[in-house]
Amino acid sequence: MKDIPAFEGGCLCGAVRYTVAAGPGQVNLCFCNMCKQATGAPVPAFISVARDRVVWHGKPAVYQSSAIASRGFCGTCGSPLYYAGNDSSTFGFSMGCAKVAVAPDMVFYHDDHPAWLAQIDKLPRPDFQPAGRSDIPARDRF
């Protein structure tokens with residue numbers, strides 16, 4: 001566990017938002033197939049914090065993704081918001097929806113990570129923004 005600053009986050013459409021008080025937390029990458037499918041990401045990242053530090057603004061929909069865990073998401077736009085073990089005192093917030101920059105502490109299911117990930121630093125970086133990105137307010141580009 002490390003100290004995580006206070007942060008906020010939420011879904012793409014804004015129907016579900018949350019704020020998290022500063023405190024201990026953990027950041028991980030999980031390459032299991034279930035996390036990759038649930039997030040739609042080849043590199044799912046989660047920031048785990050105590051549930052009692054979270055204030056919700058809007059109510060997430062919940063999907064019981066296995067016998068041991070559920071996943072919260074926006075019922076309007078579908079953004080994946082968190083992973084939570086049934087008996088866990090924490091939420092594992094999807095880093096793509098959290099406005100905080102913290103480095104991962106650990107990796108789960110590393111053997112299932114995409115092989116191309118090792119090549120990411122060698123990919124070209126065009127000197128332009130994708131169409132429409134310049135119209136996104138700075139507060140929403142996180």
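The values are calculated or read from the model by the stated rules, or taken from the named source; none is laboratory data. In this text the structure is predicted, and so the values were computed from the model without any measurement. Ideal geometry is used to build each Cβ from the backbone, glycine not excepted, and the neighbour counts take in all protein chains shown. Surface accessibility is based on the protein's heavy atoms, side chains included, excluding ligands, DNA and RNA. Shrake-Rupley method; radii C 1.70, N 1.55, O 1.52, S 1.80 Å.
For the condition among the hydrophobic types (A, V, I, L, M, F, W, C) and at pLDDT 90 or above, what is the one hit in Ala61, Ala131, Ala115?
Ala61
So, in the range 97-107, of the ones that are in contact with a Leu (Cβ under 7 Å, 6 or more places away or on another chain) and closer than 18 Å to Gly40 by Cα, which residue ends up modelled with the lowest pLDDT? Show your work before the answer.
So in the range 97-107, the residues in contact with a Leu (Cβ under 7 Å, 6 or more places away or on another chain) come out as 97, 104, 107.
Then keep just the ones that are closer than 18 Å to Gly40 by Cα; that gives 97, 107.
Numbers: Cys97: 94, Val107: 86.
So the residue we want is Val107.
So Ala45 clears everything in (1) in contact with a Leu (Cβ under 6 Å, 6 or more places away or on another chain); (2) open to solvent by less than 50 Å² (accessible area, probe 1.4 Å); (3) in contact (Cβ under 8 Å) with a residue 60 or more places away in the chain except one condition, right? Which one?
With (1) in contact with a Leu (Cβ under 6 Å, 6 or more places away or on another chain); (2) open to solvent by less than 50 Å² (accessible area, probe 1.4 Å); (3) in contact (Cβ under 8 Å) with a residue 60 or more places away in the chain applied to Ala45, the lone miss is (3).
Going residue by residue through the range 46-58, is there one that turns out to be modelled with pLDDT of 95 or more, part of a loop (DSSP other than H, G, I, E, B) and under 20 Å from Cys11 (Cα atoms)?
Yes, the conditions are met somewhere in the range 46-58.
For the range 9-20, what are the residues that are within 15 Å of Phe91 (Cβ to Cβ) and either crowded, with 16+ Cβ neighbours inside 10 Å or modelled with pLDDT under 95 (or both)?
Within the range 9-20, Gly9, Gly10, Cys11, Val16, Arg17, Tyr18, Val20 meet the criteria.
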